[in-house]
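Below is one structure; the comments refer to it alone.
The values are calculated or read from the model by the stated rules, or taken from the named source; none is laboratory data. No experiment lies behind these values; they were computed from the predicted model shown. In this analysis, Cβ positions are derived from the backbone assuming ideal geometry, glycine residues included, and neighbour counts consider all displayed protein chains. Please note that ligands, DNA and RNA were not included when accessible areas were found on the heavy atoms of the full protein model with its side chains. Shrake-Rupley method; radii C 1.70, N 1.55, O 1.52, S 1.80 Å.
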Amino acid sequence: MNRLRLPIAGSFVALGLSALILAVAPTVASAQSLGKCNSFYPSGYTLTEGKVNPPLVNMSKPAKGTVFEEPNFGTCEVRATSHATEPPSAFARNDYSRRQAFNANNTYFIVYSNDGWWHLYDANTLQHLRKLSPRVANPSTPAQYHLAGDAEPQWHPTDPNILYYLPTNGGTKLLKLDVRNNSYAVAADFADKLPAWASGARHIWTKSEGSPSADGRYWGFQVEDGDFRLLGYMVWDLQQNRLAGSMQSSSRPDHSSMSAAGRWYVTSSDSTGTWAWSRDFKTKKKLLHKSEHSDLALGPNGEDYFVSIDYQSDKGDVFFVDIDACPGVPASASDAPSCPRTTLFPTYSNGSATALHVSGKGMKKPGWAVISTYGTSASRDGSWPWYTNKIFAVELKANPRIYPLAYTRNGGGSYWAEPHASVSRDFTRIIFNTNWGVRGDDIDAYIIHIPATALPGGTSRPPPTSGPMTGGTLPPLEVQGNNVGASGQAVASKPATGPVNDGDAAPASTGGKLSAGNRGRVAITPPAMLFFRRSLSFLRTVQAHRLTEDSATYLAPLAMPGIGWSVHLNRLGLSALRSWSDSGRPAK
């Protein structure tokens, strides 16, 4: 579909010593990147462990910047945004569980607003810094370099000031933005390095849900023409600035992504299933027969894991697959057995069920993931399951340790109200969205902070790569504005080729706001279409209508000029519906 333990008894002493050191050494606490929660946790603090479901304690909505204790689980939370008083329009939310909101050293985070703008915040002070786009610094920037809507922003893995992005809905270049001054450069130009079958490529992207490998070297994309018809797949080696592999195909997936360690390119389709392809596209592995909410994560020893839910299984299992260990078949094979899986926990229990999202972005805490649930239904006896509408950390192993971190306090609403919790690389911050119990889209971002020692595990990474990171580790850009070419050198200004913001923009480096005339006139994916494209996953479990995507119907009126969408509604036949069974299994 489109579109969160602590050491056990033997480690308590070590944890206590660590907490004591933090208490007497503020610089260490600062390095731990707990921001406003730096002085919150006492020595010897331990997270609540287990599948527990204490009664939700009612709380009034906190003011922006307020630090408070999550009353049920004792974690430190802070309200991070206030869209009513800050530039984000209509809401300020984390874009998605599969997107990393925090930069490499937890000094910045990004949120998305209803008008398509991306916004930069100081992750320690929570100050709104600026809108993000070259057009903030230079309103005449050509449309192909604008950052808005489905631009798929991805933080550089080591440089805290660099944000990679694509033209809206993908283009033929990978771009990068220096968030300090909104200057941009071309990180990779694919146009002259594509195979012959991709000569008509116009949209190279992941369909908004993919990520590069954890080290930023490998990027996997689906290659589409001007009408968003799939031409094939490609893997790009940013370190070598070359095509690592490609394959022609017309089977358009719901989304695609590089695996966390970079050994596999993963496509996810509701019709053909979820597959992992080797970088050279000679081998493939079947991860799941459907496309479900999922993410790619690192195993405890750097393995490539796929973490997902399977609503078609008897118990609605949440599980993971070790992609590396799964037997593969030739890429030309028509089908393959599904990979062996390890069940983490079931979600169907005496009639209960839930929708959820997975975040495997804690790359420096391998072997863990964050899960956020919503739309949970009660059991037949009226009780609520342990996973009800909360955020928890789950260990990626059989019989995992589970640590509940917070209730989402979500009052329901549209797609935008879903929590979409995403974890920082070091697993010390988890950002999520909530309307604080009031149904609708009055949504802001909140951050849970936990100590770096709260979960077992170290900072192991994927196998190291050698050589310089082309387009990734260049010195910070010093060019004023954004007239920077592929080489990083300043180039002559070009006339704008699309709608631009009028009026004068405040200098990006000051964090100043744009005038009213600068707002809302950007070329973005309409929120209505994002709503359709990402879909409401829980419809799959409880309703007879499903939203699917393919190339059958072209809804131009809902799109910006020149951007086509292929969305249609498919009513399921009665024979395909199933009523709730004794096990609580929902309709397929």
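Please report, ordered by residue number, the strands (runs of 3 or more DSSP E) entirely within the stretch 170-233 with at least 1 residues that are buried (at least 20 other Cβ atoms within 10 Å of the Cβ) and in contact with a helix residue (DSSP H, G or I) (Cβ under 7 Å, 6 or more places away or on another chain).
Of the strands (runs of 3 or more DSSP E) lying wholly inside the stretch 170-233, those with at least 1 residues that are buried (at least 20 other Cβ atoms within 10 Å of the Cβ) and in contact with a helix residue (DSSP H, G or I) (Cβ under 7 Å, 6 or more places away or on another chain) span 173-178, 183-189, 218-224.
State whether one or more residues within the stretch 236-253 are within 19 Å of Ser359 (Cβ to Cβ), of a type in the set (Phe, Trp, Tyr) and in contact with a Phe, Trp or Tyr (Cβ under 7 Å, 6 or more places away or on another chain).
Checked the stretch 236-253: no residue is within 19 Å of Ser359 (Cβ to Cβ), of a type in the set (Phe, Trp, Tyr) and in contact with a Phe, Trp or Tyr (Cβ under 7 Å, 6 or more places away or on another chain).
Based on this model, can you work out whether Leu287 counts as among the aliphatic types (A, V, I, L, M) and over 30 Å from Ser383 (Cβ atoms)?
Here the answer is yes, as Leu287 does meet what is asked.
With the checklist (1) in a loop (DSSP other than H, G, I, E, B); (2) surrounded by 23 or more Cβ atoms within 10 Å (Cβ to Cβ); (3) among the hydroxyl-bearing types (Ser, Thr, Tyr) in hand, flag the one item Ser251 doesn't pass.
The single condition Ser251 does not satisfy is (2).
Which count do you get for residues in the stretch 148-159 that are part of a loop (DSSP other than H, G, I, E, B) and either open to solvent by 30 Å² or more (accessible area, probe 1.4 Å) or closer than 20 Å to His255 by Cβ (or both)?
Total meeting the criteria: 7.
Consider Ser97 against the criteria (1) open to solvent by 50 Å² or more (accessible area, probe 1.4 Å); (2) over 17 Å from Gly437 (Cβ atoms); (3) among the polar types (S, T, N, Q): it satisfies all of them except one. Which criterion is unmet?
(1)
Out of the residues in the stretch 300-343 that are closer than 27 Å to Phe427 by Cα and open to solvent by 50 Å² or more (accessible area, probe 1.4 Å), which is farthest from the chain's Cα centre (by Cα)?
The qualifying residue farthest from the chain's Cα centre (by Cα) is Ala325.
Filter the stretch 154-172 for residues that are of a type outside the set (S, T, N, Q) and at positive phi and give the result.
Gly170, the sole residue that qualifies.
Quick one: in the stretch 15-71, which of the residues that are surrounded by 13 or more Cβ atoms within 10 Å (Cβ to Cβ) and basic (Lys, Arg) is modelled with the lowest pLDDT?
Across the stretch 15-71, the extreme among qualifying residues is Lys36.
Name the residues in the stretch 108-122 that are out of contact with any Asp or Glu (no Cβ under 7 Å at 6 or more places or on another chain) and among the hydroxyl-bearing types (Ser, Thr, Tyr), would you?
Across the stretch 108-122, the qualifying residues are Ser113, Tyr121.
Tell me, please, whether a residue that is touching a Phe, Trp or Tyr at 6+ places or on another chain (Cβ under 6 Å), in a loop (DSSP other than H, G, I, E, B), open to solvent by 10 Å² or more (accessible area, probe 1.4 Å) and under 22 Å from Ser256 (Cα atoms) can be found in the stretch 161-168.
Looking for residues that are touching a Phe, Trp or Tyr at 6+ places or on another chain (Cβ under 6 Å), in a loop (DSSP other than H, G, I, E, B), open to solvent by 10 Å² or more (accessible area, probe 1.4 Å) and under 22 Å from Ser256 (Cα atoms), one finds none in the stretch 161-168, hence no.
Mind checking which strands (runs of 3 or more DSSP E) fall wholly inside the stretch 84-147 and carry at least 1 residues that are more than 28 Å from Met258 (Cβ to Cβ) and modelled with pLDDT of 95 or more?
Qualifying strands (runs of 3 or more DSSP E): 118-122, 128-132.
Examine the stretch 373-388 for a residue that is in contact with a Phe, Trp or Tyr (Cβ under 6 Å, 6 or more places away or on another chain) and in a strand (DSSP E or B), and state whether such a residue exists.
Yes, some residue in the stretch 373-388 is in contact with a Phe, Trp or Tyr (Cβ under 6 Å, 6 or more places away or on another chain) and in a strand (DSSP E or B).
Say whether the condition of being at pLDDT 95 or above and closer than 22 Å to Arg425 by Cα is met by at least one residue in the stretch 272-285.
No, there is no match, as no residue in the stretch 272-285 is at pLDDT 95 or above and closer than 22 Å to Arg425 by Cα.
Could you please give the count of residues in the stretch 369-393 that are under 21 Å from the mean Cα position of the chain (by Cα) and open to solvent by 10 Å² or more (accessible area, probe 1.4 Å)?
Number of matching residues: 3.
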